1. Can you tell me which condition Gly121 does not meet? The list is (1) more than 16 Å from the ligand (Cβ to nearest atom); (2) farther than 17 Å from Ala29 by Cβ; (3) open to solvent by 30 Å² or more (accessible area, probe 1.4 Å); (4) not in a loop (DSSP other than H, G, I, E, B), and all the others hold.
2. Only one residue in Gly102, Gly81 is more than 20 Å from Ile63 (Cα to Cα) and either at pLDDT 95 or above or part of a loop (DSSP other than H, G, I, E, B) (or both). Which one?
3. Which count do you get for residues in the stretch 18-57 that are of a type in the set (S, T, N, Q) and within 13 Å of the ligand (Cβ to nearest atom)?
4. Out of the stretch 5-36, which residues are touching a helix residue (DSSP H, G or I) at 6+ places or on another chain (Cβ under 9 Å), of a type in the set (A, V, I, L, M, F, W, C) and open to solvent by 20 Å² or more (accessible area, probe 1.4 Å)?
5. Restricting the stretch 68-81 to residues that are crowded, with 18+ Cβ neighbours inside 10 Å and over 13 Å from the mean Cα position of the chain (by Cα), which is farthest from the ligand (Cβ to nearest atom)?
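The values are calculated or read from the model by the stated rules, or taken from the named source; none is laboratory data. Nothing here was measured: the structure is a model prediction, and the numbers come from that model. As a convention, Cβ positions derive from the backbone with ideal geometry for all residues, glycine included, and neighbour counts pool all protein chains shown. Just the protein is used for accessible areas: all its heavy atoms, side chains included, with ligands, DNA and RNA removed. Shrake-Rupley method; radii C 1.70, N 1.55, O 1.52, S 1.80 Å.
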Amino acid sequence: MTNADLIALAAEMTRHSYAPYSHFHVGAALLCRDGRVWTGCNIENAAFGPTVCAERVAFFSAIRDGARDFERIAVVGGEEGRITSFTYPCGVCRQVMREFCGDDFAVIVSDGKEIREIALGDLLPHSFSPADLAR
Ligand SMILES: [Zn+2]
């Protein structure tokens with residue numbers, strides 16, 4: 001699966017986004033090393049705290065299904081789902097990725113024209129990980 005394929009799946013997921021407060025619709029597509037893909041969209045809440053990002057919906061769905069070996073995630077978003085700039089994962093999602101992925105895990109983003117690939121190690125350097133608790 002190409003990065004463009006993964007971006008297309010993420011973009012499709014923005015249509016499922018529930019974002020009546022921010023109007024910022026986000027979609028994510030998470031690729032496992034065995035080729036399976038899980039998708040997610042952001043789901044907001046009137047109480048704000050329970051709001052969850054597209055990336056975590058994808059990750060938690062994959063974890064629920066027994067997947068653990070992840071390769072890449074594509075993330076796109078924009079106001080009312082119009083993708084015109086790069087949407088990078090928030091800090092909470094980066095930490096969730098770190099729980100299951102190494103520094104080489106790839107995060108794919110797009111502004112609708114260009115596709116960029118960034119390593120998780122560059123997005124979340126010097127992070128706290130399961131290895132810190134294994135000592
Ligand atoms: Zn997030």
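1. Checking Gly121 against (1) more than 16 Å from the ligand (Cβ to nearest atom); (2) farther than 17 Å from Ala29 by Cβ; (3) open to solvent by 30 Å² or more (accessible area, probe 1.4 Å); (4) not in a loop (DSSP other than H, G, I, E, B), the one that fails is (3).
2. On the way: Gly102 fails: more than 20 Å from Ile63 (Cα to Cα).
Step by step, each of Gly102, Gly81 is checked, and only Gly81 is more than 20 Å from Ile63 (Cα to Cα) and either at pLDDT 95 or above or part of a loop (DSSP other than H, G, I, E, B) (or both).
3. Within the stretch 18-57, residues that are of a type in the set (S, T, N, Q) and within 13 Å of the ligand (Cβ to nearest atom) number 3.
4. Met13
5. Narrowing the stretch 68-81 to residues crowded, with 18+ Cβ neighbours inside 10 Å: 70, 72-78, 81.
Right, trim to over 13 Å from the mean Cα position of the chain (by Cα) and you get 78, 81.
Values: Gly78: 15, Gly81: 17 Å.
In this case the residue turns out to be Gly81.
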